[in-house]
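Engineer: To start, I am sharing the structure in question, which I have written as structure tokens.
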Amino acid sequence: MAALERVKVLVLGDSGVGKSSLVHLLCHNQMLGNPSWTVGCSVDVRIHDYKEGTPEEKTYYIELWDVGGSVGSASSVKSTRVVFYNSVNGIILVHDLTNKKSSQNLYRWSLEALNRDVAPSGVLVTNGDYDREQFAENQIPLLVIGTKLDQIPEVKRSDVLTRTAFLAEDFSAEEINLDCTNPRYLAAGSSNAVKLSRFFDKVIEKRYYLRDGNQIPSFPERKRFGGGFVKNLHYD
């Protein structure tokens, strides 16, 4: 059987927002029992059926690169993270719905990954509004995921979700809000599962297909891990 082709998706966000739990849920459809801080980067793999249920259906590997660290890290830490930003096909931006600062910091995380040669500095929010022009020419698909939905008091949930909806709009991205300890939020056929599948399809399409629908011929990877695909690798 021929090896499956792959795409690389970064998972970015502040420490403690639940990135590792999210990746485990996406790859294994179960909660992560004892999540720990990610040092460097952790990689896990999800199998995805592109255009599932159609004549064009094809199976791919989705490599999910969970990047650790803080958006306010020292320049030496940021320079180390640059290696993880190479050859990226998609980005999942993760924030804690109970922590407004983690939502605002997504803007800085995305700039760091999309413009890795230009370190973001200063305040990137002016009068509470994001500068959408900085994302106008972005060709990398983005998805915004809010975690800890279950921890928002019912009386505040509407206001929080309204705010995060505007955040996703600023990134021209769809959003998913969930509790990473409960697989039902990504149950097959649910609106969240549909959004997730649509995002992965878009990532694959950007990487492998031309606008006319023809597949781009594969080319040798400059660097592979043991000739195969990585799973649960940790970089220190």
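Engineer: If you plug each phi of region 149-156 into the Karplus form 6.51 cos²θ - 1.76 cosθ + 1.60 with θ = phi - 60°, what whole-Hz ³J(HN,Hα) values come out, in order, with x for Gly and Pro?
Structural biologist: Values per residue, Gly and Pro as x: 4, 5, 8, 8, x, 3, 5, 9 Hz.
Engineer: If packing is taken as the mean number of other Cβ atoms within 10 Å per residue, what is the order of 43-51, 143-151, highest first? It would help to have the intermediate numbers written out before the result.
Structural biologist: Working: 43-51: 17.3, 143-151: 21.8.
Peptide ranking by packing, descending: 143-151, 43-51.
Engineer: Still on this model: Take the cross-link list Lys78/Lys148; Lys58/Lys156; Lys51/Lys100; Lys58/Lys78; Lys58/Lys101 and give me the ones stretching past 32 Å between alpha-carbons. If you can, show how the numbers build up before the last one.
Structural biologist: Working: Lys78/Lys148 27 Å; Lys58/Lys156 42 Å; Lys51/Lys100 35 Å; Lys58/Lys78 36 Å; Lys58/Lys101 39 Å.
The pairs that break the limit, which is 32 Å between Cα atoms, are Lys58/Lys156; Lys51/Lys100; Lys58/Lys78; Lys58/Lys101.
Engineer: Turning to a different aspect of this structure: Rounded, prolate or oblate for region 148-215? Axes are the square roots of the Cα gyration tensor eigenvalues, ordered a ≥ b ≥ c, and the cut-off for rounded is a/c under 1.5. Provide the component values of the computation, followed by the final result.
Structural biologist: Numbers: a/c = 3.93, a/b = 1.87, b/c = 2.11.
Oblate, since a/c reaches 1.5 and b/c is not below a/b.
Just so you know, all these numbers are worked out from the coordinates, no wet-lab data involved. What you see is a predicted model, and the numbers here were worked out from it, not measured in a lab. So basically every Cβ, Gly included, is an ideal-geometry build from the backbone, and we count neighbours across all protein chains shown.
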